[in-house]
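See structure below.
Any read-out appearing in this document is the output of simple, stated calculations on the displayed coordinates, not a laboratory observation. Fair warning: this is a prediction, and the values are worked out from it, not measured in the lab. Cβ: placed from backbone, ideal geometry, glycine included. Neighbour counts: every protein chain shown.
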Protein chains: 2
Amino acid sequence: MAAMNSTDPHKPARRSPSPGPAASAAESPAPGAAGANLPVLRGHNTALVLALLRASGEEGISRLELAERTGLTPQAVSKITARLRAEGLAAEAGFRASTGGKPRTVLRLVPGAAHAVGLHLDRDEATAVLVDLAGRPVAAASGPLDLGAPPDEVLTAAVGRVAEVRASARPGSAERAGAGGPGTAGGVLGVGVAMPGPLDHAAGTAGRVTGFPHWDGFPLRAALAERLGLPVALDKDTNAAALGLAAPGGGGGSFAYLHLGTGLGAGLVLDGALHRGARTGAGEFGHQVVQLDGPPCGCGYRGCLEATCLAAAARGDLGTAARVLGEGAANLVELLDIDRVVLGGRTVAAHRERFTAGVAEVLAARPSGRAPGAVPVTAVEDGTRPVAEGAAHLVLAPLYGHRLR
Amino acid sequence: MAAMNSTDPHKPARRSPSPGPAASAAESPAPGAAGANLPVLRGHNTALVLALLRASGEEGISRLELAERTGLTPQAVSKITARLRAEGLAAEAGFRASTGGKPRTVLRLVPGAAHAVGLHLDRDEATAVLVDLAGRPVAAASGPLDLGAPPDEVLTAAVGRVAEVRASARPGSAERAGAGGPGTAGGVLGVGVAMPGPLDHAAGTAGRVTGFPHWDGFPLRAALAERLGLPVALDKDTNAAALGLAAPGGGGGSFAYLHLGTGLGAGLVLDGALHRGARTGAGEFGHQVVQLDGPPCGCGYRGCLEATCLAAAARGDLGTAARVLGEGAANLVELLDIDRVVLGGRTVAAHRERFTAGVAEVLAARPSGRAPGAVPVTAVEDGTRPVAEGAAHLVLAPLYGHRLR
DNA sequence: TCCACTTAAGCAACGCTGTTGCCAAACTGC
DNA sequence: GCAGTTTGGCAACAGCGTTGCTTAAGTGGA
C-alpha cells in the first residue's frame, strides 16, 4: 500500500524522489554536495506538503493554506495533493466555513497509509513500536535483552520484537491491501533502531557500547536490514528520542532532550534538524565539565556533570541533582539558543516534578537576557516510550524531508 | 558587471534564482517552510557549482569533476558552467593531462567578477574590507568609532568606511564595466555588517550592546541599506568571524570560533551552516558555568567561563586562562562533535602559542574517545581582520547557497 | 426566486529545468 | 595514419511548477 513512487515503474530513477529512508551513506556520488534535478524538486515539495498535513493533525488543512505556507501556487498544491490522494496518503475531510464563496476543502493525512517500526535496544531490554504516518504508536512489544550477548543473539531477539509488532497490527492495517510494491509488505516503510552510543549513524555501525566492547564496528544496520528485508536506520538512543519529541513542533526550532539513565546524554535538534556531528558524537552531555577540578568521574576526568549529578541522585539528594542538571542544561540553552527542553530517563521518571522544577529554576536564575520561563522544561510522560517511538521517526523524518536550505 | 540574473530581464520572477543576499526576513510567504520551483532549483545547482569552483581555488576543476561531485549529469554541468562563463563568473583556464582521450578543460572562478564589503563595527573602531568572490581582501579601511555615540553618527562613520574601500578599489575592478544592472554599481553585491551582540540577524536590528543600551531595537540593517543603496546583512561579530574562517573548508564540517576580547564569545558553524538560533542568541560562550558556585562574574552569576578565564588573563596567569578556556572549548567540542577550533581576539593575539597549546592540551586530556590532536586548534593570523572579512561572507555565503537538505 | 458576486479548484498550454541520445573534437597509442 | 578513448556540445525530450481560463459551489441583495 501507498508505495511512494507511483508514477514511474519504468526506468530506474537516478535518485529516488522521496528519499528512501536509511539507504543513506555511500549513496550520493560525493559526500556533502547534492545537485538537484526534477525528481528531487518534486520530492522536496511533496515532503513539504506532507509535513504540513501531518502538522495539521486532526484539524486538517486546506489547499490554499498549503499554498500560502509553502509559497507554491495553488495549482501546484492541487497537483501535489492529487498525487498524495491517489497514493492514499492524504484524503479530503470536510469543508471549512465559507467566507463568501466556495468553501475550502479540508485535507488530512491518512495516518494508516503507511507505518514505521521503532526499535529500542537498551542494555537489558528490547522494545519495538509500530507507529503510523502521524507518529502515533499502534502496537508495541518488549522483552528482556542482553546487550552483552553475541550480536547474533541480539539480532534474533530484535527481529523477533519487530515481527511481533508487525503481526499484532496486521489485521487492522488492511485498508487497501493491493497497490503497494513488493518491498512495502504490510505498509511498513522501514525500521529505525536506537541504541546506546557511541556508534556511527552514517555507516550504520555500532561502537564500543560502555561495557560491551565486542560491538565495536559491528555493521548492525546492514545485518538487520538483511534479516528483516526492510530499510534500517541506526542512531543513538538520545538522538532518536530528540527527533521524536521534537516532531510535533514541526518547525525550525531548536530543542534539547536530556536523558538521565545509566549515563547522562543529550539529543539536539537545531533549526529543525537533528544535529549528530560527523561522527555521531554530538550530544555527549554527561562529561561536560561544570566543576573545575571537581570530584572524579568514571571516565577518568574530574568535575563532569554526570559524576556530580548522578552521584547526588544516587544518594537521594534530588535537589542538588536537579540543580546541577539545570546548570548543564542552562549552559546548553545559552550556547545554542535552545527553545525547549525535555527531560527523560529512569532517574527523571521517578521524580518528574522535582527535576523539571529544579532545571527550570536554574534557567530562570541565569541572567541571560531571556525572560524567565521563556524556555519551557518538561519531562516525558509516564508510560511512554520516547526512544522507541523516536526511533520510528528515523524512518518517518525523511518522508517529511527536512528542508531546502 | 556579472549580474546574477542574466536570462530574464522581463517578468519579475516570484523568487529570485540565486537568493539576493540579505533581502532576508519577511521575504518568503511563511516562516520556516519553503516550496521550491524551477528558479529555485536552478539557483541551488548554480550555487553548488559556484561553491565547488571557489573551493577549487587556483587549481581549478573540470566539468566532469563537477558532475561527479554534484551528482548532476555532465550535460547539466556544461549548461550551468556555460551560463556562469557568459556572466563572467567563471572562465576556462587550461587543461588537465590527458588520460587517453580528450583532456579535461579546467574551469576557475573569476574572483574579480563581483565583490562584497565586510564592515566590522567594534566598540572603538570601524573596519571595512572589500573582498572578491573568492573571499580575498582587495582593499581595507579603518578608523576610530564610538559605538556609544548616537546611531546617526555611527551610521555616517560606517558609510564613510564603506565608501573608502569602494573608492580605493575602483580603478582595478574595471574588467567589463558594462552588463551589470544599476543595482550592482562597482560590482559590489552587498555589505555584511558585524557588531557585538546581542542583536537580531533576522530582523536586522541591534540589541542592548553591553554599555550602550540606546542601540536596543535600532533597525541598523534597514538604515544602512537605505544610506548605502546596497543590500545589507547584519550579524554578531563572532558569527561573522566563524563564517569567514570556516569558508575555506567549504564542506559540511562543524567548526567553532572562540573570541577573547572584551568578553568571551563563540561562533558556531555546524554541518556547514552557521548556527545562530532563532534569536541570534547562539554562541553565548562566556557565561557557560564551569565552576559551580565559583567566583562571581560581572553578569551576576557565579563560575562563568568569562569570569574565570579573563580574570586569570588579566592578572597575567596565562596558563590558567588557557586551561580554563580549554575546558570550555572541550565541553563545546564534545557536546557538538566539532572538527576544528580557531581562537581569536585581542587577548589571544598577544599570546597565540600559549593559548592554542593550552587549549589543545585540555582537548587531548579529555577521555572522550577522540584521538589526541584529532581536533586542530589554531589562532587567527596576526594582522588579519577575521571579523570584517567574515562579515563580507555574510553577503557571499548565499551565493554559494548552503545546500538542499 | 433569481442573479450578481466571491472564492475554490481543476484543465490545458506553456516555459524552463535537468536528462537522454547522438555526434564532433581532441588526444593517446599501436 | 588509424583505432580507440575521453571530453563536451547540440537537439529532442520528459516532467516540474506556472499561467490563463473555465467550472463548481457557496453568499447575499433585489
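What is the stretch A:193-301's relative contact order, in percent, from Cα pairs under 8 angstrom and six or more apart in sequence?
With pairs under 8 Å counted, the relative contact order is 21 percent.
Could you tell me what percent of the DSSP beta bridges with both partners in the protein assembly as shown are antiparallel, to the nearest 5? Provide the component values of the computation, followed by the final result.
Details: 68 of 104 bridges.
Antiparallel bridges make up about 65 percent of those DSSP assigns within the protein assembly as shown.
Search the structure for amide H atoms under 5 Å from the amide H of A:ALA139, placed 1.01 Å from N in the peptide plane, and list their residues when 5 or more places away or on another chain.
So A:ALA139 has HN proximity to A:LEU130.
With axes computed from alpha carbons, what is the tilt in degrees of helix B:305-314 against the longest principal axis of chain B, rounded to the nearest 10 within 0 to 90?
80
Taking the Cβ-Cβ separation of B:PHE95 and B:THR73 as r and a Förster radius of 25 Å, what is the calculated FRET efficiency to the nearest 0.05?
0.70
Report, for A:LYS79, each distance to the same residue's label point in the other copies, shortest first and in nm; define the point 7 Å along Cα→Cβ.
For A:LYS79, the inter-copy label distances come out at 1.6 nm.
Quote the charge dipole size of the stretch A:46-102 about the Cα centre in Debye, to the nearest 20; the model charges only the Cβ of Lys and Arg (+1) and of Asp and Glu (-1).
Value, rounded to 20: 180 debye.
From the label point of A:LEU64, set 7 Å from Cα along Cα→Cβ, how far away are the matching label points in the other copies, in nm, ordered shortest to longest?
List, nearest first: 5.5 nm.
Amide H of B:ILE338: which non-local residues (sequence gap of 5 or more, or other chain) have their own amide H closer than 5 Å, using H built in the peptide plane?
none
Hey, if you drop one equal point scatterer on each alpha-carbon of the stretch A:350-405 and run the Debye formula without solvent, what base-10 log of I(q)/I(0) do you get at q = 0.12, 0.24, 0.30, 0.31 Å⁻¹?
Those come out to -0.51, -0.88, -1.11, -1.17, one per q.
Taking the Cα centre of chain A as the origin, how large is its charge dipole in debye, to the nearest 20, when only Lys and Arg (+1) and Asp and Glu (-1) carry charge on their Cβ atoms?
Here the size comes out at about 1380 debye.
Ordered by residue, what ³J(HN,Hα) values in Hz, to whole numbers, does the stretch B:153-165 give under the Karplus form 6.51 cos²θ - 1.76 cosθ + 1.60, where θ = phi - 60° and Gly and Pro are x?
5, 4, 4, 4, 4, 4, 4, x, 4, 4, 4, 4, 5
For the stretch A:382-398, just list the computed ³J(HN,Hα) in residue order, Karplus coefficients 6.51, -1.76 and 1.60, θ = phi - 60°, integers in Hz, with x standing in for Gly and Pro.
Couplings: 4, x, 8, 10, x, 6, 5, 5, x, 4, 4, 5, 4, 8, 6, 3, x Hz.
Evaluate chain A: find the radius of gyration of its Cα atoms, find its Kirkwood radius, and give the ratio Rg to Rh.
Expressed as Rg/Rh, it is 0.99.
Counting DSSP beta bridges in chain A, what percent are antiparallel, to the nearest 5?
65
Using only the Cα atoms of the protein assembly as shown, build the gyration tensor, take square roots of its eigenvalues as a ≥ b ≥ c, and label the shape rounded, prolate or oblate: rounded if a/c is under 1.5, else prolate if a/b is larger than b/c, else oblate.
The shape class here is oblate.
Let's see if you can work this out: charge +1 on each Lys and Arg Cβ, -1 on each Asp and Glu Cβ, no other charges. What is the dipole magnitude of the protein assembly as shown about its Cα centre, in debye to the nearest 20?
2540
Just going by the charge dipole of the stretch B:45-98, with Lys and Arg at +1 and Asp and Glu at -1 on Cβ, which of B:GLN75, B:LEU89, B:LEU48 is farthest out on the positive end?
After comparing all options, I get B:GLN75.
Amide H neighbours of B:GLY192 under 5 Å, at least 5 residues apart or on other chains, H built in the peptide plane: list them.
B:VAL117, B:GLY118, B:LEU119, B:ALA233, B:VAL395
Once Rh for the stretch A:63-109 is found with the Kirkwood sum over Cα pairs, what is the Stokes-Einstein diffusion coefficient at 37 °C and 0.692 mPa s, in µm²/s?
Result for D is 296 µm²/s.
Taking a temperature of 10 °C and a viscosity of 1.306 mPa s, what whole-number D in µm²/s does Stokes-Einstein yield for the stretch B:263-388 with Rh from Kirkwood over alpha carbon pairs?
The estimated diffusion coefficient comes to 105 µm²/s.
For the stretch B:251-312 and the stretch A:284-338, compute the distance between their C-alpha centroids and round to whole Å.
Between the Cα centre of the stretch B:251-312 and that of the stretch A:284-338, the gap is 18 Å.
Mean residue ellipticity at 222 nm from the helices of the protein assembly as shown, using -39,500 (n - 2.57) per DSSP H segment of n ≥ 4 over the full residue count, to the nearest 500 deg cm²/dmol?
For the protein assembly as shown, the value works out to -10500 deg cm²/dmol.
If you take the charge dipole of chain B about its Cα centre, with +1 on Lys and Arg Cβ and -1 on Asp and Glu Cβ, which of B:LEU310, B:GLY294, B:ALA256 is farthest toward its positive end?
Checked the options; the winner is B:ALA256.
Taking the Cα centre of chain A as the origin and placing charges on Cβ (Lys, Arg +1; Asp, Glu -1), which of A:THR280, A:VAL269, A:HIS115 is farthest toward the positive end of the dipole?
Going by the Cα projections, it comes out as A:HIS115.
Compute the normalised compactness of the stretch B:245-318: alpha-carbon radius of gyration over 2.2 N^0.38 Å, N being the residue count. Could you put the intermediate results ahead of the total?
Numbers: Rg = 14.5 Å, N = 74, 2.2 N^0.38 = 11.3 Å.
For the stretch B:245-318, the normalised Cα radius of gyration comes out at 1.28.
From the backbone phi of the stretch A:64-75, what are the Karplus-calculated ³J(HN,Hα) couplings (6.51 cos²θ - 1.76 cosθ + 1.60, θ = phi - 60°) in whole Hz, Gly and Pro given as x?
Result, rounded to whole Hz: 5, 5, 4, 4, 5, 5, 8, x, 7, 6, x, 5.
If we hang a label 7 Å off Cα along the beta carbon direction at B:ARG370, how far is it from the matching labels on the other copies, in nm, shortest first?
2.4
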